[in-house]
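Only one structure is covered here, and it is reproduced in the block below.
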Amino acid sequence: MKQTSWLLGAALLIVPLSAQAGSASCFKLDGQSYCSAWSAKNSSMMKTEFVRSNETVDHWQRMVTIIQYNDVHTIKAAVARYMAVVQPYLGPDANPQWITPKNPRHAQEAATRLILSTPDGSDSEYVVVYFFADPGKPSYAIAFSQHIPLPGGTPSMAQYGKWLTDMIAIVPSAVTH
């Protein structure tokens, strides 16, 4: 089965950037390296997807997506734009729980975790999303996605805090073009 991020659907409206040999940007999350595998942009946003070395954007177990909203400068607007894209993949009983990260690094920050599924239920993913915004700058969403079923022994609830801490440490401008 072809595994793609639910966020790829929104990318159909943005133009893919050509990959340049040797220009891959990488970072670590949860002790594993992720490198840019796909990027696209238009005048209102830029989106880059990162996967581990043995995975692709078409076949992955874990993926990180960084979205820069150039025309959105508040958490409220960034969350609204993101949730509008994933709304069709939330179950009827979905009730995202929002938190404000401890030790904020930005003027506005929020995070949530979601379970997203295809309408037929054939594919699902666990997603932790961190949003941040600073006055006069683009807002960001950083999403860590992991396909379900989670690998054996993955303590998703315990990992939520660790993944969020690692995501907060990512400097998007350093890893996106």
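The single condition among (1) part of a loop (DSSP other than H, G, I, E, B); (2) more than 20 Å from residue 146 (Cβ to Cβ) that residue 40 does not satisfy is (1). Considering only residues in segment 104-126 that are free of Cβ contacts under 8 Å to residues at least 24 places away in the same chain and either within 13 Å of the chain's Cα centre (by Cα) or more than 22 Å from residue 72 (Cβ to Cβ) (or both), the one that is surrounded by the most Cβ atoms within 10 Å (Cβ to Cβ) turns out to be 112. For residue 139, the criteria (1) at pLDDT 90 or above; (2) over 17 Å from residue 73 (Cα atoms); (3) touching a His at 6+ places or on another chain (Cβ under 8 Å) hold in every case but one, which is (2).
So that you can scan it fast, the table gives a plain yes or no per residue for (1) free of Cβ contacts under 8 Å to residues at least 60 places away in the same chain; (2) of a type in the set (A, V, I, L, M); (3) touching a strand residue (DSSP E or B) at 6+ places or on another chain (Cβ under 8 Å); (4) not in a helix (DSSP H, G or I):
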| residue | (1), (2), (3), (4) |
| --- | --- |
| 65 | no, no, yes, yes |
| 72 | no, yes, yes, yes |
| 76 | yes, no, no, no |
| 84 | yes, yes, no, no |
| 92 | yes, no, no, yes |
| 102 | yes, no, no, yes |
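Taking (1) surrounded by 14 or more Cβ atoms within 10 Å (Cβ to Cβ); (2) more than 15 Å from the chain's Cα centre (by Cα) in turn, residue 58 satisfies each apart from (1).
Checking each residue in segment 23-51 for being at pLDDT below 90 and farther than 15 Å from residue 170 by Cβ picks out 23, 24.
The values are calculated or read from the model by the stated rules, or taken from the named source; none is laboratory data. Computed from a prediction, not measured in an experiment: that's the story for all the values here. Ideal geometry is used to build each Cβ from the backbone, glycine not excepted, and the neighbour counts take in all protein chains shown.
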